[in-house]
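Remarks on the structure that follows.
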């Protein structure tokens, strides 16, 4: 299934893609849906109002997750381009609900940065509460996958050795358009092409099969430290090709369009606008 949260005149709605239409699932957003123990059956059988998919105004797939946990240094190529050693453990940092945007929303480039960078990421969306999960529980807790652009303010990120201040700027992180269930993308450890394009030029290209720490491992690892709740999001890291690692460095400017896409899932396509 492909599931989404869209904006309507009556507020946000959780929907399922059926051909050319989006079928209302009876919930305000996917976070509400995933809180139901039988959400898969409910999502598969719902038959509410149908909205034209071509006209959809996508909200973040889960507008108010209890947490967004991001992983740094998870593709070998990106680790090397940033001059780092391969890690023994995942590098984790948080985001917050206020950072999230819909898949086609404008991204406002903050006036405080001169280093606005792109990062395509496969994101895991949690569909069941887990704590200290084993492999089977971790795999079962994955509702599906979506696309995230972990837009980063590099000049703020590297002010200190801890990155969070460059990652949590309000309304800078597109996520969507769909949550795609594992059965449609080859399981809970999918091998999918990921790409970033800026004004049509390919900047990043890799395969999620090359992740150092795969989605199941990450759910297990993170749930050891904190309870993962339905609707929580784990961003699995970005591949090589970020603007900060280029010589000379290249960053996003107002007027450009940045597209982050993953095969089998979809794309976030966002115009960068000045503050």
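From the P(r) of the stretch 63-274, could you give the percentage of C-alpha pairs in the tail past 32 Å? Don't skip to the answer; put the middle values down first.
Working: 2100 of 22366 pairs.
Percentage above 32 Å: 9.
For the chain, what is the calculated [θ] at 222 nm in deg cm²/dmol (nearest 500), taking -39500 (n - 2.57) for each run of four or more DSSP H residues and dividing by its residue count? Walk me through the intermediate numbers first.
Working: 6 runs with 39 residues, N = 275.
Calculated at 222 nm, the ellipticity per residue is -3500 deg cm²/dmol.
Fewest first, what order do 233, 222 take by the number of other Cβ atoms within 10 Å? Walk me through the numbers before you get to the answer.
Values: 233 26, 222 23.
Taking fewest neighbouring Cβ atoms as first place, the list is 222, 233.
Between the stretch 158-235 and the stretch 32-88, how far is it from one alpha carbon centroid to the other, in angstrom?
What the calculation gives is 8 Å, centre to centre.
Taking the Cβ of each residue in 45, 238, 76, 113 as the centre, tally the other Cβ atoms inside 10 Å and list the residues starting with the fewest. List each step's numbers first, then the result.
Numbers: 45 10, 238 30, 76 15, 113 21.
Ranked by crowding around the Cβ, least crowded first: 45, 76, 113, 238.
Cut-off is 10 Å between beta-carbons; in what order do 263, 47, 152 appear when sorted fewest neighbours first?
Working: 263 15, 47 11, 152 26.
Lowest to highest Cβ neighbour count: 47, 263, 152.
Taken together, the values in this text are just the output of simple stated rules run on the coordinates, not laboratory data. Computed from a prediction, not measured in an experiment: that's the story for all the values here. Cβ atoms come from the backbone with ideal geometry, glycine included; neighbour counts cover every protein chain shown.
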